[in-house]
Amino acid sequence: MTLKRDEIRCEASIIHEEVIDKVREKMPPEESLYDLAELFKVFGDSTRIKIIWALFESEMCVCDIAYLLNMSQSAISHQIRVLKQARLVKRRKEGKVVYYSLDDKHVELIFKQGLSHINE
């Protein structure tokens with residue numbers, strides 16, 4: 001929904017058009033903002049946060065993560081699937097064992113920035 005300027009009520013009744021134009025010009029496309037919101041939703045689950053934290057420390061298989069978090073392997077596999085779809089974790093197969101790790105340094109940066117923010 002797009003509001004028209006005469007439909008918006010501010011107490012000062014002043015619209016700073018130069019500011020609005022500058023922000024609008026730099027605003028990412030709607031699809032990018034949607035994708036960003038979806039990425040942040042992935043971080044909205046404490047189990048997934050624990051898995052990401054564990055993978056900071058070491059590459060791990062589902063069995064090890066399940067044991068660490070005292071959860072079933074199927075529950076961990078489900079969460080790993082969500083993390084993989086969001087491109088936050090990657091896999092490496094060694095024989096019959098599949099090991100998971102963080103996809104890249106961006107994941108660690110996002111996570112650490114979030115922790116830094118809540119610990120301020």
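We did not get these values from a lab; they are worked out from the coordinates using the rules stated. This structure is a prediction, so every number in the text was calculated from the model and none was measured. A quick note on method: Cβ atoms are made from the backbone with ideal geometry, for glycine too, and the neighbour counts reach across all protein chains shown.
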What residue among His106, Ile80, Ser116 has its Cα farthest toward the positive end of the dipole of the chain, where the charges are +1 on Lys, Arg and -1 on Asp, Glu, each on the Cβ?
Ile80
About its Cα centre, the chain carries a charge dipole, from +1 on Lys and Arg Cβ atoms and -1 on Asp and Glu Cβ atoms, whose size in debye to the nearest 20 is 660
With -39,500 (n - 2.57) per DSSP H segment of 4 or more residues and division by the full residue count of the chain, the 222 nm estimate, nearest 500 deg cm²/dmol, is -18000 deg cm²/dmol
Using mean Cβ contacts within 10 Å as the protection proxy, how do 28-36, 60-68 order, highest first?
60-68, 28-36
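Which percent of the Cα-Cα distances in the range 27-77 go past 14 Å? Write down the numbers at each step before the final one.
Working: 751 of 1275 pairs.
The proportion of pairs with Cα distances above 14 Å equals 59 percent.
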Mean Cβ-within-10 Å packing, highest first, puts peptides 80-90, 108-118 in the order 80-90, 108-118
